[in-house]
Structures are given as C-alpha cells and as structure tokens.
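The values are calculated or read from the model by the stated rules, or taken from the named source; none is laboratory data. Given the structure is predicted, the values throughout are model-derived calculations rather than measurements. Glycine gets a Cβ as well: all are built from the backbone with ideal geometry, and neighbour counts include every protein chain shown. Accessible surface areas use protein heavy atoms only, side chains included; no ligands, DNA or RNA. Shrake-Rupley method; radii C 1.70, N 1.55, O 1.52, S 1.80 Å.
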Amino acid sequence: MAANGNPIREDHLPITQPPSFCEYASGQCDQSFEYPPRSHGLFLYPSSPAIIANTIEAAVQELGRIEGQDRWNSWKHLGITGQIIFCEICKALRFTELVVADVTTLNFNLLFEIGYAIGLGLPVVPIRDTSYIRDQKVFDEIGLLDTLGYLDFQNSGGLVEALRARSGSQTQTLQRPQINKEQPLYLMKSHVQTDGMVRLLSALKKSGLRFRTFDPRETARLSLHEAYKQTLSSMGVVVSLVAPHREGAQAHNGRCAFVSGLAMSAGRHVLMLQETQIQQPIDFRDIIKSYSDAAKVSDLVVPLIKGVVETLQESRFVPVALALKPLEQIDLGDLAAENEIKALEAYFVATGEYNEVKRGHARLVVGRKGAGKTAIFYAVRSAYKPSKAHLVLDLKPEGHQFTKLRETVLQELSPGLQQHVLTAFWNYLLLMEIAHKIVQESYAFSFHSANLRASYVRLVAAYGADRDSEQGDFSERLLKLVDDILNRRKAFSKIAGTSEVTQLVYGNDIRPLNDALTDFLSLSKKEEVWLLFDNLDKGWPVRAATDADILLLRCLLEATRKLERQFETRHVGFHGVVFIRNDIYQHLVLDPADRGKDTPVQLDWDDPEVFKEIIRRRIALSTGLDGDFSAIWPVFFETHVKGEESFAYILGRTLMRPRDVLRFVRGCIEVAVNRGHDRVSEADIRQAERAYSEDAFVDMTLELKDVNAKYSDVPYAFIGANAILSRSEIDARLRDAGVPIDESEYAKDLLLWFGFIGVYVSSEEERYSYQFQHDLKKMQSGLKQYGYCVHPSFRPTLGCLDS
C-alpha cells in the first residue's frame, strides 16, 4: 500500500481482509476482523414497513430451523449496539456467500449496501413483495437492479421456498474493468442544474482531471453494467445529491446511493455532495458533505481532487484481470458522446450531415435527444482545434442560467426592446468569450512581433475582466455577466432606447473591444473563428418551449450573424453553429421573419447502413478484427431472430437513434456474457429486447413529464393494449389515462411526435415521426383512412398483443 493509503490497491486484496482504503476512515480500515459473523446468506431489509420486515424475519427464522441457525443471518442479528452500524454490516458482507436484499420499498441505506455488496463481487438476490407497489415507479426510473432478476414473495413461506429452490444456482460475476487513467473521475450529475452543480462542474474542470459523467437528463436510466464499469474503472467518484423536496429527488438520490456504495466497496475516493443540511441515511451519514451556499462547493471538492492526484502519481501496479473472451472484448463506448471525446475520434462516422457542418455550410444542427448532435459538436471541434489558423470556442451553457435575466429585466420591456437587449447581450458575451480565449492562450505567441504584442496588450486592456470571472469557466462567467446587468439595472428608472440598452448590457463603450479583437485576429493570421454552441435548450420542455426561450435563441443567431459581418471586414471567416432539438427548430420555422435565414442540418437517421458502420467501427477498434459488417457481425451475433436478419430486428425495435441502437446492442452483449456465452444467441437478443424496452419506456414517460407532468402516466394506459389500434380504441385509452376530451388530439399528437405510437397504414407499412423529420402533417399525408400502432420498442414492456 502507498504511504497515503491509495485506494486503488484494494483490487488486489481478498474481501476478507480489512480494506487498504475506506472513506469512513479516510485511509486504511480501522476495524477488527478477528471474529467475523460468517453466514451462507445475509438478509438486508428496511425496518419499515414493519409488515414486510416481520415477514422477512419469519423467513430467516424458518430457514435457520430447516438448515441451521449459522447458515442464515440478518442485519438485526449483528450485535451493532455501541458499534458503527455500517462497519458491522461491511464485515458481515465480507464473510457471507450470498446477499438477500429486500427492495419492496425505496430505501437509500439498502441501495448503498446493495451497491457495496456487488462491488465486493458477492451474488445479490433482490426480493420484493409484489403486492406492495408504493415505490414501483421510482424503481423503474432508477434502473440498475432489473438485470439481476427479482425474487418475488408475498409471505414468509413463499420466500423460504423460493430461496431454497434457488440454492445452488450459478451466478455470473461481472468482469472487473481496468482503471481509466485518462479519465480517472466519474461524476453523477444531478437532474436539476443548480448553482451548486454549476460550481461543481467548474471545480472539476479547473482541476485538470478529465472526467466522465452520467447525466440523467440525457440518459434516464443507469444500467447495472454501466454503473459497475464506470465506477470501478475510476479512481474517484463524485455524486451530487439534490434536496429531497425537489421533483425526481428520490430516483436520483437512490441511484447516487447505489453508486457510492459500489465505489466505497472498491476502495475508491468518494465525494457525496448534498445541497442543504438534512438528516442523512445512517449508512453514509458520516461521509456526506452538505452545503447551503453554492460558493462552498469548490472547497468541498479539494480533498477528493488531492486524493485522486496522489493516487495517479503513486500507483505503479499492473491491473490484474481475468483473460477476456472475444465477446467480452467488445467495447461499444459510452452512450453519451461527452464521456468519450478522445475515443470518438477513432470510430466517429463522418456522415454527410457532419461534412456539411465542417465545411461551414450550416448554422444549425437539429435533432432529437440521442440523435448524435453532441458527437458532431466534438468531431467538428477536433477537426479544427489543433490548427493554429483556427480559433475554436466550444460553449455549453444551460438554459436555466438565463431565467434570472428574463424574470428581473426582460419582463418589464416591450417585445422590441427585449430583442434589442438580448441581441446586445449575446453580442457582448460572445466577444468577451473570444477575447478570453485569446488572452488565455496567446500570451507567448504575442511576442512574435512588436505589432502583435502591441495588439495583444490593447486587447487585454479592452477585455478588462476581473480575476474571479477570468479564472472561472464559461458557466461562471455567464452568471457573472447576468449579475452585472442586474446590478446596473437598478440605476435606470426606465429603459426606453438604444443608449439605455448599451449602458445596461455593456456598462461602457464596446468599440475598443471590437477593434482590439478584430485587429489581433487579423495580425495573428487567423483564417477562421468557429463558435460551437450546445446545450442552450437543455431543460426547455419538449414541444412546450416558451416565446421567451425562442427569443433567446433567435437573438443568439442574430448576434452570430452580426459577428460574421464584423469579422468579414478584416478577412477573418466566422462560423457560428448552434445545436438544438428539432421541436425548438420548428418554432423558428413558424416565424416568417426567421424562415430561410439560417441553414439547418437535420439529423434524422433512416439509413441502416450508417448504423451498421457505427457498430462495425466500435467492434473493430476494441477487438482488433477487421472487415466489413457482414463479416464481423456473425462472429459475435446469431444472424437471425425469428427468421429476420438479427441487426434489422434490433434496429426495427429502436427509435432509430445512435444512442438507442448502441444501448440495445450493448444489452445483447451483456446478457450473453452474463450467461457465459461466447456468441450472442437469439434468446440473448430476445432477453435484451425486454430490458431495452423497459429502459425506452421509462425514457418516454420522463420525456412526456418534461412537457407536462399530467402526461407522464399516459403510456401506462396502453398496458395490455393491441399493438394495432383503431382511432376509437386509442381515444378510449387516452380517456382511461385521464386525458380530457378537449385535449385528446393534442395528447395524440404528442405521442406521435415522440414516436410512442405511429400511423398504421397496412401490415406492410407503419409510419413513425422520425421517418418524416417529425412533421406530423407529412406523416399523415395521402392517407384517407388509417389506424395507429404502438412502436415495437415499447410492446414487450407493455405486453401489447399482436393483432
């Protein structure tokens, strides 16, 4: 063990020895393992509700009577009086052969302990009382445990019988991944982009340590395999817990508890950040770091950063892992492009849409979540960033950061002045960001000539940012600018024209900054400036964006056009590319004033060959095999499912987005590996289809919830429905879901737009929105009579009946 108690060496110690690093002890474990509580099976369950706890305790007693008292144990028998409760549970876990965990109700202690047990490599059997459904929907949102398979019970006798029947069953262990030293941190982002989350991201970016993220706004559910792989390949794990009264807090915080337990069992550095001071679950109460002031977050991150840096510097071991089978070697990468920026360069597929953006022919990249916008964002950045002739800015604000500006300034102004203020705001912000980039990166370069140095000095003087904003990341600088505008607003009794707008947004004359910036770009022989803008619409409700949201985007586009004209006067090319969802783009198209101003590239995937190339490249890179798709796919996958070509079968049961296809194919591989197969069989694909269907269904309900909470439960009304429905049948289902009659057409359009249902033309043709660029009128054109159909993605989890 390294002098500082490096946690990474925990992988080499048997679990029956005290761990070399524990977050509780901030170093080596300080507990005695002299008289451990040994057992065949250890029961973990909440003490409430008592009716279920009593049922489980009765089952423990009966198992003890049948098989011997020392073979079965429960947390209540551990003698925890006067001891640190979790330390006693930790020891009991290390000396048992099987963990039986009750997940009938959501309990953060239990999720933490289940994660800990899985991290130790123990087989875990989740049990649940199927008659008690209080937290079922929350578990559906969390994901994680589905692939373990639940053992259902309703009474103690049934539980005893089921556990005894399971005795001796083979349990597949997960393959322990190697440490990712390139990206040693794993961050569980919160689904709410609070100021604390902004500060946390900024602190991690400043640390210089690269990190991967799970973002619940991008991927609604986290699979067990993904959680295991990402957590155990990390040196440090950060989870951002939200206040319990926030919507969605239960599912998010439960997921974070599980990952934290997983990380602690592997001896990783763990930071559990909690906004607000609240009473925490007893298992991890002592390691939670709470804050009420977001400004304190940066200080709370420092110990974790130091620990990971020391681990990186001092770890010299070679990871020990079992030899991988060919199927286990396949690495399809991360579902989120921002987590695999470097790897993406190796297997990114340069589509025609990407080439149009790269050539500067598009100002907008339009597509649904998961359609590949972020992949193009990073690919274009990678194409131009290494070139000294190009200046590349990649900006990722969050839509919520403008709420304060809208609520305190814009709502007082007329529509015309609102547009004037926002365009000026964007123009100033973008100029400042370009200046910031140059000031930060061109200091040494500025000494190449006297003229260049003089120009750089003028730019620094015109930029004039204070140290705090200069050291922060883009999100912090954006918040600082908004706060400055709010402070200046207090000096105006009324904003009536251009002069007041100028003073409000700029605070002083902006011309010196304009002139200094264009002069330096010209002298430094910059050929082009690329501004890539993503995430602006993150958090905006789907198909329910407000006029204020669209105005924000419209003014950003106008500001980029203004900069383009300004830079052209100095013979410097300017390309501003904004990445947005297609429902947001439709708002722009509806306004005649905006129509035709900005060339869009629309990401609607309808070519199976492109998906084949995406999968082929990733398999080839991770396995070393070469060849076309038709040669590689049969090596690892059964070629047909129910008589249909297997890849076409998979593709037809997704919403035709890269993220969906990767998730399904990865699920197939995970099922096959868990079953010890060397090749993905038809049965493996069918099993993965059920798991994928559950994930897709939860994603759908959450997307509908973003539109309006009252529509989130509408898909549940289709449980047991026919796959093909008449108009009257679908209207009846909507009534069952509580949709008012006067809203049924809107609800129907919503389900069509998201692809939950499609238009049924005939047994040979089903139409879905992604095939028609989400244009519902075009989708229904030319049809005099049609019905509806539930998308194949959702049929397994809904139990839809084929007609």
Exercise. Give me the lysines in straight-line cross-link reach of LYS480: C-alpha distance below 25 Å, same-chain residues under 8 apart excluded.
Key: LYS189, LYS205, LYS206, LYS296, LYS396, LYS404, LYS437, LYS490, LYS494, LYS538, LYS562
Exercise. State the answer as a single residue: which of ILE730, TYR711, CYS800 lies farthest towards the positive end of the charge dipole of segment 677-803, with beta carbon charges of +1 for Lys and Arg and -1 for Asp and Glu, about the Cα centre.
Key: ILE730
Quiz item: If you line up the Cα atoms of segment 256-318 on their principal axes, what length do they span on each, largest first, in Å?
Solution: 41, 26, 15
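Report, for the chain, the % of DSSP beta bridges that are antiparallel, rounded to 5.
Values: 12 of 66 bridges.
Given both bridge residues lie in the chain, the antiparallel proportion sits at roughly 20 percent.
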Exercise. First compute the accessible area of segment 130-288 with a 1.4 Å probe, then give the percent of it belonging to carbon and sulfur atoms.
Key: 45 percent
Quiz prompt | Residue list for segment 235-268, given a label point 7 angstrom along the Cα-to-Cβ vector of GLN277 and an amide N cut-off under 20 Å | solution = 241-246
Practice problem: Please give the contour-minus-distance gain from ARG166 to ARG65: 0.36 nm per residue of separation, less the Cα-Cα distance, rounded to one decimal in nm. | Solution: 34.6 nm
Exercise. Using only the Cα atoms of segment 109-185, each taken as one equal point scatterer with no solvent, compute I(q) by the Debye sum, divide by I(0), and report log10 of the ratio at q = 0.19 Å⁻¹.
Key: -1.01
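At 222 nm, what value in deg cm²/dmol follows for the chain if DSSP H runs of at least 4 each add -39500 (n - 2.57) and the sum is divided by all its residues, to the nearest 500?
Values: 31 runs with 369 residues, N = 803.
Only helices count here, giving -14000 deg cm²/dmol.
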Exercise. Treat each spin label as a single point 7 Å out from the Cα along the C-beta direction, and report the VAL610 to ALA544 distance in nm.
Key: 3.0 nm
Quiz item: Taking the Cα-to-Cβ direction at GLU182 and at THR403 and moving 7 Å from each Cα, how far apart do the two end points lie in nm?
Solution: 3.7 nm
Practice problem: Write down the Å³ per residue value for the convex hull defined by the alpha carbon atoms of segment 443-571. | Solution: 153 Å³
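Can you tell me how much longer the chain between ARG565 and SER47 gets when fully stretched, taken as 0.36 nm per residue apart minus their C-alpha distance, in nm with one decimal? Show your work: numbers first, answer last.
On the way: separation 518, 0.36 × 518 = 186.48 nm, distance 6.79 nm.
Between ARG565 and SER47, full extension yields an extra 179.7 nm.
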Practice problem: Could you please report the charge total around ASN180, scoring K, R as +1 and D, E as -1 over all other residues with beta-carbon less than 13 angstrom from its beta-carbon? | Solution: +3
Quiz item: So which lysines can LYS325 reach, going by Cα to Cα under 30 Å and dropping same-chain residues fewer than 8 places off?
Solution: LYS181, LYS229, LYS342, LYS612, LYS642
Practice problem: Mind giving me the nanometre distance, one decimal, between the label points for GLU645 and TYR35, set 7 Å out from Cα along Cα→Cβ? | Solution: 6.8 nm
Quiz item: Computed on alpha carbon atoms, what radius of gyration and Dmax characterise segment 540-698, expressed in Å?
Solution: 21.9, 65
Quiz item: Helix 727-736 versus the longest principal axis of the chain: what is the Cα-based angle in degrees, 0 to 90, to the nearest 10?
Solution: 70 degrees
Practice problem: Report the semi-axes of the equivalent ellipsoid for the chain in whole Å, largest first, where each axis is √(5λ) for an eigenvalue λ of the Cα gyration tensor. | Solution: 46, 34, 26
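Mind ranking 340-353, 184-197, 100-113 by how tightly packed they are, going by the mean number of other C-beta atoms within 10 angstrom, highest first?
Working: 340-353: 16.6, 184-197: 22.2, 100-113: 23.9.
Going by the mean number of other Cβ atoms within 10 Å, highest first, we get 100-113, 184-197, 340-353.
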Quiz item: For LYS91, which lysines qualify as cross-link partners when the Cα separation must be under 18 Å and same-chain residues fewer than eight apart are set aside?
Solution: LYS76
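So if we plug the beta-carbon distance of ARG675 and ARG489 into 1/(1 + (r/R0)^6) with R0 = 51 Å, what FRET efficiency do we get, rounded to 0.05?
The calculated FRET efficiency here is 0.20.
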Quiz prompt | Probe 1.4 Å, accessible area per residue of the chain, Å² | solution = 42 Å²
